[in-house]
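Student: If you scroll down you'll find the structure; I have some questions about it.
Where a number appears in this text, it was derived from the coordinates with a stated rule and is not lab data. All figures in this text were calculated on a predicted structure; none of them were measured in a lab. Note: ideal-geometry Cβ built from the backbone for every residue, glycine included; neighbour counts use all protein chains shown.
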Amino acid sequence: MDVIFEFFNSDDLIYYLVIPFFSGVVGLVTNYIGIKMMFSPIEFVGIKPIFGWQGIVPARAGKFARLQMEQVEKIIDFQELINRINPSEVANIIRPGMKELTEEIIDEVASESFPLAWENTPNFIKNRFYKRLEKDLPSLFDNIYYDVRDNFDSMFDAKAMVIDRLTSDKGILVDMTRQTVHKELGFLVKSGLYFGFLFGVVQMIFWYLFPEAWYVLPVGGFFVGYLTNWIAVKLMFHPLNPIKIGPFTLHGLFLKRKDEVARDYAKSMTTSVLNAQNIAEYILKSSAGDKIYDLVNRHVKKTIDNSMGYGKPLVLATIGTQRYIDMKNSAVDRFSNSSVSLPKSITNGLVYTEQALDLENEIELQMKKFTPLEFDGFVRPVFEEDEWILYAVGGGLGFLAGWIQFVAMFS
């Protein structure tokens, strides 16, 4: 009791009482800065390899992307998803655009390959050829689709695609992570104020009892910064299962809102990375693009031959075999040319494919089925290995703030 009486009658009472509030601010600021340092800057700023900084998440984009896909591949069978696509449905959607595009390409190629003969070809013969070609288009698409489907595993490496996408554009990974854990990040910042104040009370007591120990405030500042981050992160993921204590229920904040996290993660992943357009572009740009070209080459040439029907010998006699072969090669090149402007109905086929794959709902559904331990294992590894950096940054900033507090108030 005497100690308490002496404390409240101390000439430096106001300075002692400021310590918990200052510690609360230190906890708040260090947590805020720590989170900023997790995500910013996206690229290294400074002089490599020591003098400078890059956000923890973008600096480890490749590792984070790999961990993400190791988890996604546990719940998603891409071969099963591709089987959901109905080629007849796609063919019906893209038929008007393919008809338009095919006529345009054939007319252009024929005009270049044998301009005089094509110019003198009667329109009814051209139209007959166009109609036969249009009739063969569904089977052309079916043949290409089934070949792609049967070889999809060898053509598409989901992990490689995601790693490539997230390392080439680290901002996507930063945005995905923020969107998925935005509420936890808010808690992490605010908890710094609460826990910082509580630790500040301990600091204040130690400083009053040991006034000659100049290191109390700097060392206390280190523990405030370190422990506020440590406790906040632990509360995000622990306990795995709800624990009832009187009127209170303890449950990891991240795990508590599992369904919401699953929805946010699935939306972020499929909007920015795993969608039909990105998958198609990746396959065409990867080594599998040559396989796709070979498939298109084989099936387009076969379709052109079939569409010629009984008129093929006459065409060969008129323009020559070599010019006919060159014409088919030129048609294949035009069909495979990524710079060709696609009609709207063909892009609508891509929309249908996106809906058929239904990746967003599939990822969300599977994540919602996770047990608490599985859910923790899905998300936690992404942060676990490097979260010590967040603690260390908090401790370092807390030590600096404690030293400044000591110099400003008690030196």
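Student: Efficiency by 1/(1 + (r/R0)^6): what FRET value for ASP305 and ASN123, r their Cβ-Cβ distance, R0 = 25 Å, to the nearest 0.05?
Tutor: Numbers: r = 22 Å, r/R0 = 0.89.
E between ASP305 and ASN123, to the nearest 0.05, is 0.65.
Student: Let me ask another. What list of ³J(HN,Hα) values in whole Hz, one per residue of the stretch 198-212 in order, does the Karplus curve 6.51 cos²θ - 1.76 cosθ + 1.60 (θ = phi - 60°) give from phi, with Gly and Pro shown as x?
Tutor: Couplings: 4, 5, x, 4, 5, 4, 4, 5, 5, 5, 5, 6, 10, x, 7 Hz.
Student: Something else: Under a crude label model (7 Å from the Cα following the beta-carbon direction), how far is PHE8 from HIS182 in nanometres?
Tutor: Calculated label separation equals 4.7 nm.
Student: Apply the Karplus curve 6.51 cos²θ - 1.76 cosθ + 1.60, θ = phi - 60°, to the phi angles in the stretch 134-141 and return the couplings in whole Hz, x for Gly and Pro.
Tutor: 4, 5, 8, 4, x, 5, 4, 5
Student: Between the alpha-carbon centers of the stretch 261-299 and the stretch 191-231, tell me the distance in whole angstrom.
Tutor: Here the answer is 52 Å between Cα centres.
Student: Label points 7 Å out from Cα along the Cβ direction at ALA213 and ASP153: separation in nm?
Tutor: Result for the modelled spin labels: 6.4 nm.
Student: Answer with one residue from GLY186, GLN203, MET161: the one whose Cα lies farthest towards the positive end of the charge dipole of the stretch 123-203, charges on Cβ with Lys, Arg +1 and Asp, Glu -1.
Tutor: Positive-end residue among those listed: GLY186.
Student: If you plug each phi of the stretch 62-77 into the Karplus form 6.51 cos²θ - 1.76 cosθ + 1.60 with θ = phi - 60°, what whole-Hz ³J(HN,Hα) values come out, in order, with x for Gly and Pro?
Tutor: The phi angles translate into x, 5, 4, 5, 5, 5, 4, 6, 4, 6, 4, 5, 6, 10, 10, 9 Hz.
Student: Continuing with this model, one more query. Give me the number: length gained by fully extending TYR146 to LYS234, i.e. 0.36 nm times residue separation minus the C-alpha to C-alpha distance, one decimal in nm.
Tutor: Stretched out fully, the TYR146 to LYS234 stretch lengthens by 26.8 nm.
Student: Hey, another quick one. If exposed GluC sites (Glu not before Pro) are those in a DSSP loop with at most 16 other Cβ within 10 Å, what is the longest stretch of the chain that has none?
Tutor: Numbers: sites that count: GLU43, GLU212, GLU385.
In the chain, the maximal stretch lacking such sites is 213-384.
Student: Mind checking the full-extension length gain between VAL351 and GLU112? Use 0.36 nm per residue of separation minus the Cα-Cα distance, one decimal, nm. Mind dumping the intermediate values first?
Tutor: Values: separation 239, 0.36 × 239 = 86.04 nm, distance 3.41 nm.
Taking VAL351 through GLU112 to full extension adds about 82.6 nm, to one decimal.
Student: Starting from the Cα-Cα distance between LEU365 and ILE75, subtract it from 0.36 nm times their residue separation and give me the gain in nm to one decimal.
Tutor: Details: separation 290, 0.36 × 290 = 104.40 nm, distance 0.97 nm.
Roughly 103.4 nm would be gained on extension.
Student: Mind scanning LYS170/LYS258; LYS170/LYS368; LYS183/LYS368; LYS74/LYS170; LYS74/LYS369; LYS126/LYS312 and naming the pairs with a C-alpha gap bigger than 22 Å? Don't jump to the answer; show the numbers that get you there.
Tutor: Numbers: LYS170/LYS258 25 Å; LYS170/LYS368 27 Å; LYS183/LYS368 18 Å; LYS74/LYS170 24 Å; LYS74/LYS369 13 Å; LYS126/LYS312 13 Å.
Beyond 22 Å: LYS170/LYS258; LYS170/LYS368; LYS74/LYS170.
Student: Would the stretch 53-93 count as rounded, prolate or oblate if I go by the C-alpha gyration tensor, calling it rounded below 1.5 in a/c and otherwise prolate when a/b exceeds b/c, oblate otherwise?
Tutor: Values: a/c = 7.67, a/b = 2.58, b/c = 2.97.
Because a/c hits 1.5 or more and a/b fails to exceed b/c, the stretch 53-93 counts as oblate.
Student: Here is a further query. Going by Cα centres, the stretch 138-172 and the stretch 119-136 are how many Å apart?
Tutor: 35 Å
Student: Now, a different point. Between ILE243 and LEU373, what FRET efficiency comes out of the Förster formula 1/(1 + (r/R0)^6) with R0 = 25 Å and r the beta carbon distance, rounded to 0.05? List each step's numbers first, then the result.
Tutor: Values: r = 15 Å, r/R0 = 0.60.
The pair LEU373/ILE243 has a calculated efficiency of 0.95.
Student: Could you point to the label whose value was computed as log10 I(q)/I(0) by the Debye sum over Cα atoms at q = 0.08, 0.10, 0.11 Å⁻¹ for the structure here, given (1) -0.39, -0.63, -0.77; (2) -0.63, -0.81, -0.90; (3) -0.48, -0.72, -0.84?
Tutor: Given (1) -0.39, -0.63, -0.77; (2) -0.63, -0.81, -0.90; (3) -0.48, -0.72, -0.84, the structure-derived one carries the label (2).
Student: Using the number of other C-beta atoms within 10 angstrom as an exposure proxy, rank HIS182, HIS251, HIS299 with the fewest first.
Tutor: Values: HIS182 11, HIS251 17, HIS299 20.
Fewest to most other Cβ atoms nearby, the residues stand as HIS182, HIS251, HIS299.
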